1. If I build a Gaussian network model for the chain, linking alpha-carbon pairs within less than 10 angstrom, which residue out of Y28, Y77, Y57 has the largest mean-square fluctuation?
2. Test of understanding: in a Gaussian network model of the chain with alpha carbons linked when under 10 Å, which of L58, L116, L92 would top the mean-square fluctuation ranking?
3. Counting alpha carbon pairs within less than 8 Å and at least 6 residues apart, what relative contact order, in whole percent, applies to segment 34-129?
4. Given a cut-off of 16 Å, what percent of all Cα-Cα pairs of segment 51-129 lie beyond it?
5. Send over a whole-number figure in Å² for the accessible area per residue of segment 41-129, probe 1.4 Å.
6. Share of segment 23-84's accessible area from carbon and sulfur, percent, 1.4 Å?
7. Out of the chymotrypsin sites (Phe, Trp or Tyr not before Pro) in segment 83-129, which ones are loop residues according to DSSP with at most 16 other C-beta atoms within 10 Å?
8. For helix 74-92, what angle does its Cα long axis make with the longest principal axis of the chain, in degrees from 0 to 90 and rounded to 10?
Amino acid sequence: MQKLIKPWFLNDRLFKFLSVLATIVVIYLSLKAPNPDAKKWYFLLIRGDLVLHFICYLGLSSIYFYAFFNIEKGKIYAFLLSLFVGVLLESLQIIPFFKRFFDFQDLIANIFGSTLGISINKFIFDSNK
């Protein structure tokens, strides 16, 4: 199966485009003003927004992983870029203009999502060597 999928990753233009698009979407969702009428929700006693942060950065780091697939240290670049985006966007939420607030738990969810995203993809492609 890996032999069928791997040629797609050798043409990394698609994933570079997707990584830019995904980054723009994450920036928009992270900095847009929150809906004041939104109900809080939970998933297995975990705040719903933390689940969304985790899933978002798991996906973002996976897209970065494939965008940098052909680069020798691409896994490290993908991980560092997803961490940088997460820390930067969470830090920008301190600025009152965005009507958001910094949440350390969101930052931790971003880091866990990025770490797991890179780890899963690294495992998939390094396990069959």
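1. Y28
2. Its mean-square fluctuation being the largest, the pick is L92.
3. Values: 104 pairs, mean separation 35.7, N = 96.
Value for segment 34-129: 37 percent.
4. Numbers: 1520 of 3081 pairs.
Tail of the P(r) past 16 Å holds 49 percent of the pairs.
5. Numbers: 5440 Å² over 89 residues.
Heavy-atom accessible area per residue stands at 61 Å².
6. Details: 3000 of 4150 Å².
Answer for segment 23-84: carbon and sulfur cover 72 percent of the accessible area.
7. Details: sites: F84, F97, F98, F101, F102, F104, F112, F123, F125; in loops: F101, F102.
Taking segment 83-129 and a limit of 16 other Cβ atoms within 10 Å, the loop chymotrypsin sites (Phe, Trp or Tyr not before Pro) found are F101, F102.
8. The two axes meet at around 10 degrees.
The values are calculated or read from the model by the stated rules, or taken from the named source; none is laboratory data. Note that the structure is a prediction, hence the values are computed from the model and not measured. For neighbour counting, all protein chains shown are included, and Cβ atoms are generated from backbone atoms with ideal geometry for every residue, glycine included. What goes into the accessible areas is simple: the full protein's heavy atoms, side chains included, and nothing from ligands, DNA or RNA. Shrake-Rupley method; radii C 1.70, N 1.55, O 1.52, S 1.80 Å.
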